[in-house]
Amino acid sequence: MASTQQQFFDESTKMVPPSAPANVTSEAWTAYRARVAEHGIVNAEPPVTVFAHVPRAPATAAEINEMLLHVLHPNSRMVNVRQPWASLLFGPKDVENRPNMPPANSITDPHCYVAVVASKVESLTNNYFNTSIADAKRRVKWSYPNTTNTNPNTVSADREFYARTSQFIVGFIKFRCYQKQSWETYAGPASVWNNGDNCAWYVTASVEFERPIYVGTGSLGLVKLNPGQGTAERAAKMDKIRQQIASELVSARSTAIGQASAEA
């Protein structure tokens, strides 16, 4: 039977994602994981050959125009994501880990557009919530190794903060999805946010809504944004949601155009 200390080191290794941050080589990350296994995560020296992470640029007006076109696309989806991960997808988190892939736009376009719904935070156990917050803070630190406490992508540990958007669409994302066997051909999913699940949904552009949209109780599975069938009540509800998404995207596009003009 393994010693208590060895069990601690084994558990520590599970806290380190298999993939490295984009700013750390795979060799350096593998060596770091080995140090964690030997000394525990508290005592292991993190990779030193790192550079400050460059945050994902805000969506451009052209990218938002694409999103607007895809609000009515038959393959666009809604998906529930637990907190704090839902909010972090509009910050430093660049991979959503899933067992399956959403449908691509077409044979020639592998992207998919998804409305992200923040799951009901009240349903999360204290253990899950607290463990997730600690995990998220650790990954933010790995993503931004050279920043100070003024980092805007800090992780709130306040349940009330997340409760305000429970069961609301918090934004719209353009994903490029990859299955596990194809990761080695693309650098994107080599991310500290990649848990090594069957599929990595890589964020290529995102818009966080200023006014989240209430949808109510949902499912962790993929839901069609344009179901095309169902009751009249369901059709009316989805039509209203699509209109609200379009309104938020139009507002974000105006902001993007204004920022581009100011920087010109």
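The values are calculated or read from the model by the stated rules, or taken from the named source; none is laboratory data. Everything numeric in this text was worked out from a predicted model, so none of it was measured. In this analysis, Cβ positions are derived from the backbone assuming ideal geometry, glycine residues included, and neighbour counts consider all displayed protein chains.
Among residues that are assigned to a loop (DSSP other than H, G, I, E, B), in the same structural domain as Leu225 (by TED's automatic domain parsing) and surrounded by 15 or more Cβ atoms within 10 Å (Cβ to Cβ), Ala136 is not included. The criterion of being loosely packed, with under 15 Cβ neighbours inside 10 Å, on the phi > 0 side of the Ramachandran plot, free of Cβ contacts under 8 Å to residues at least 60 places away in the same chain and not polar (S, T, N, Q) holds for Gly216. In the set Ala205, Ala246, only one residue is surrounded by 12 or more Cβ atoms within 10 Å (Cβ to Cβ), assigned by TED's automatic domain parsing to the domain that holds Ala104 and assigned to a helix (DSSP H, G or I); that residue is Ala246. Of the strands (runs of 3 or more DSSP E) lying entirely inside segment 51-132, those carrying at least 2 residues that are closer than 20 Å to Lys180 by Cα are 95-98, 111-118. Out of everything in segment 232-251 that is of a type in the set (Val, Ile, Thr) and in contact with a helix residue (DSSP H, G or I) (Cβ under 9 Å, 6 or more places away or on another chain), what residue ends up being nearest to Cys199 (Cα to Cα)? Across segment 232-251, the extreme among qualifying residues is Ile245.
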